[in-house]
Amino acid sequence: MRTRPTGSRPAGAHAGGVRAGSGAGAVLVAAAAGSLVAVGLGVYGRWHEPAAAAVNVAGFSSGVAAKAWLGSIAFVLALGQLWSAAALHGRVGRRWRAAGPSRRLAAVHRWSGRAAVLVTVPVAVHCLYALGFQDGSPRVLLHSLAGCFVYGAFVTKMLVLQRPHSPRWSLPLLGGALFTAVTAVWLSSSLWFFSTSGLSF
């Protein structure tokens with residue numbers, strides 16, 4: 001009978017360790033890319049001369065009103081993302097835990113995320129081009145920072161999704177960070193607008 005030399009490790013364990021290390025490295029690379037996106041948006045917004053107007057969606061009285069409502073739609077879709085992610089991991093509802101993750105639920109999760117990002121594009125254009133990165137008050141500073149962070153976290157998450165051997169903790173962590181940033185953006189902008197101007201269009 002052949003015995004393994006003392007201190008040696010099974011080939012499978014070694015391969016698993018290599019995959020774990022490469023997966024963690026991929027997360028770091030993705031995080032670096034996302035950080036560059038967030039910082040780049042902040043620098044552009046800071047040094048760009050605000051144009052005062054950028055987006056004026058038909059049916060809204062102003063670009064700020066359109067931004068508030070579109071931001072609210074994105075926030076509702078983000079809530080759907082949070083629920084569908086929890087359901088996919090068996091964290092909510094006995095029915096979902098018993099049935100297991102379904103293709104329909106996975107499709108809802110993917111498309112609600114895509115829709116949320118698309119809805120935020122005119123909001124981001126308005127913020128960056130018309131208003132720029134501002135820090136005149138704690139609320140405005142929080143909104144500027146969170147807005148830049150949203151796209152940095154989104155890019156990081158999308159890059160990690162392309163890596164099949166990424167650590168199990170990476171997607172829940174990035175998804176939670178992205179949802180937190182979207183919530184901060186909504187609280188510091190849309191909710192503030194509705195609380196000061198009412199539910200106006």
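Looking only at region 44-69, count every residue that is among the aliphatic types (A, V, I, L, M), modelled with pLDDT of 70 or more and farther than 12 Å from PHE201 by Cβ and tell me the total.
Number of matching residues: 0.
Considering every residue within region 89-104, establish whether at least one is part of a helix (DSSP H, G or I), modelled with pLDDT under 80, in contact with a helix residue (DSSP H, G or I) (Cβ under 7 Å, 6 or more places away or on another chain) and not hydroxyl-bearing (Ser, Thr, Tyr).
So far as region 89-104 goes, yes, one or more of its residues are part of a helix (DSSP H, G or I), modelled with pLDDT under 80, in contact with a helix residue (DSSP H, G or I) (Cβ under 7 Å, 6 or more places away or on another chain) and not hydroxyl-bearing (Ser, Thr, Tyr).
With the requirement that a residue be closer than 15 Å to VAL117 by Cα and out of contact with any Leu (no Cβ under 7 Å at 6 or more places or on another chain), what does region 178-201 give you?
Initial filter on region 178-201 (closer than 15 Å to VAL117 by Cα): 178-183, 185-186.
Within region 178-201, LEU178, THR180, ALA181, VAL182, THR183, VAL185, TRP186 meet the criteria.
Determine which member of the set ARG114, ARG139 is charged (D, E, K, R) and under 19 Å from ALA68 (Cβ atoms).
Answer to the selection: ARG139.
Checking the conditions here, which among LEU41, LEU82 is surrounded by 15 or more Cβ atoms within 10 Å (Cβ to Cβ) and modelled with pLDDT under 90?
Only one candidate passes the filter, namely LEU82.
Give me the pairs: first residue in region 18-38 and in a helix (DSSP H, G or I), second residue surrounded by fewer than 15 Cβ atoms within 10 Å (Cβ to Cβ) and modelled with pLDDT under 85, beta-carbon distance under 8 Å, and six or more apart or on different chains, which are they?
ARG19/HIS165; ALA20/HIS165; SER22/HIS165; GLY23/HIS165; ALA26/HIS165
The values are calculated or read from the model by the stated rules, or taken from the named source; none is laboratory data. In this text, all values refer to a predicted model and were calculated from it rather than measured experimentally. Note: ideal-geometry Cβ built from the backbone for every residue, glycine included; neighbour counts use all protein chains shown.
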